[in-house]
1. Go through the stretch 1-12 and give me each residue that's assigned to a helix (DSSP H, G or I) and surrounded by fewer than 24 Cβ atoms within 10 Å (Cβ to Cβ).
2. Restrict the check to the stretch 352-361 and report whether at least one residue is assigned to a helix (DSSP H, G or I) and under 21 Å from residue 211 (Cα atoms).
3. Among 55, 75, 103, 68, which is crowded, with 18+ Cβ neighbours inside 10 Å, touching a helix residue (DSSP H, G or I) at 6+ places or on another chain (Cβ under 7 Å) and under 16 Å from residue 167 (Cβ atoms)?
4. List pairs: first residue in the stretch 283-298 and on the phi < 0 side of the Ramachandran plot and touching a residue at least 12 places away in the same chain (Cβ under 8 Å), second residue surrounded by fewer than 16 Cβ atoms within 10 Å (Cβ to Cβ) and part of a loop (DSSP other than H, G, I, E, B) anywhere in the structure, Cβ distance under 7 angstrom, at least six positions apart or on different chains.
5. Suppose we filter the stretch 247-273 for residues that are assigned to a loop (DSSP other than H, G, I, E, B) and over 22 Å from residue 142 (Cα atoms); how many remain?
6. If we keep just the residues of the stretch 18-36 that are at pLDDT 80 or above and assigned to a loop (DSSP other than H, G, I, E, B), which is surrounded by the fewest Cβ atoms within 10 Å (Cβ to Cβ)?
7. Just one of (1) more than 16 Å from the chain's Cα centre (by Cα); (2) part of a helix (DSSP H, G or I) trips up residue 304, so point out which.
8. Please verify whether the stretch 222-231 includes one or more residues that are under 23 Å from residue 9 (Cα atoms), modelled with pLDDT under 85 and either part of a loop (DSSP other than H, G, I, E, B) or in contact with a strand residue (DSSP E or B) (Cβ under 7 Å, 6 or more places away or on another chain) (or both).
């Protein structure tokens, strides 16, 4: 990969290590240490994700308007200030406010990172986005394990550890991204154009595609919210639960050779990749709904991981292919915001359904909703049928 892509990969890796000190433990912290119900915790996470949606859209807009470097630096600086606040004040009201701010600032960063890797290495195709995806998940492999270790001494230390990694990310971005040049054929300032943007069919296709993406994330978010507390209630320890996420991250990296023959065989059939991955997702959530031991939770996560390895890199790849010139940031902002909306709705919906029907029924109900994403995958390219370039082609 080009040096610029490696710098983006390293930055994403450090960013996610910092993030993963908080997100797997948020529900546990609010429920076990601050004494709030799962439904209340879900509302707070909804506020965090709602702010993230705004941040995603703003980050995509800023990428197209002022460039990736400035938008990423802005998001990091806001995050650092919020984390400084959390280090000193993490009782209930400051926690809610500053967690919401972190959702907003983190939302600015992610679409800019994805848009930047697509524009500095456009010929990379799926490989470019897969590299960022892998960086995220190496961070996920390391972060929760470190978070569990830090929390075993004192859970309040996780805020300071998150701050340290964000300061490191700030240094990487400042010295590494400042002189990035975006390929001129991929980046024009469409916001200065006087005529309306034509050919809206690709945008409609993106909306259909990301509707299924949203539903998948709505269910996936249960792993860091309702499933976490359910696992603890069954006797799984906090360190064991953190280990589950470590297995997820390590398998994403070490499992690449296992899925490579399938990806190679379906290299030009991104739609088929998505359907296969979604079916694997469905199987994993059916299994976790019946899980009663640490071993079953691990097995469910292993199955889930193979599904996400296939599906997740395809979505930003298709968004990049669908994006008109100069709209990469906006389209990646849509992708990230729909995932964030799924994470926003998921915790609250899961918490309410658990209260009414119980854990097993909640997971089966939401898994049924996730199956709708197969339909959106089959239909998303209908608006652009007949055009010369099909979005399934690299």
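1. 3, 4, 5, 6, 7, 9, 10
2. To start, the set of residues in the stretch 352-361 that are assigned to a helix (DSSP H, G or I) comprises 352-357, 359-361.
With under 21 Å from residue 211 (Cα atoms) added as a condition, the list becomes none.
No: zero hits.
3. 75
4. 292/234
5. 4
6. Once the filter is applied, the top-ranked residue is 35.
7. Evaluating residue 304 over (1) more than 16 Å from the chain's Cα centre (by Cα); (2) part of a helix (DSSP H, G or I) leaves (1) as the failure.
8. No, every residue in the stretch 222-231 fails to be under 23 Å from residue 9 (Cα atoms), modelled with pLDDT under 85 and either part of a loop (DSSP other than H, G, I, E, B) or in contact with a strand residue (DSSP E or B) (Cβ under 7 Å, 6 or more places away or on another chain) (or both).
The values are calculated or read from the model by the stated rules, or taken from the named source; none is laboratory data. Just so it is clear, the structure is predicted and the values come from calculations on it, not from any experiment. Neighbour counts are summed over all protein chains in view; Cβ atoms, including those assigned to glycine, are modelled from backbone coordinates with ideal geometry.
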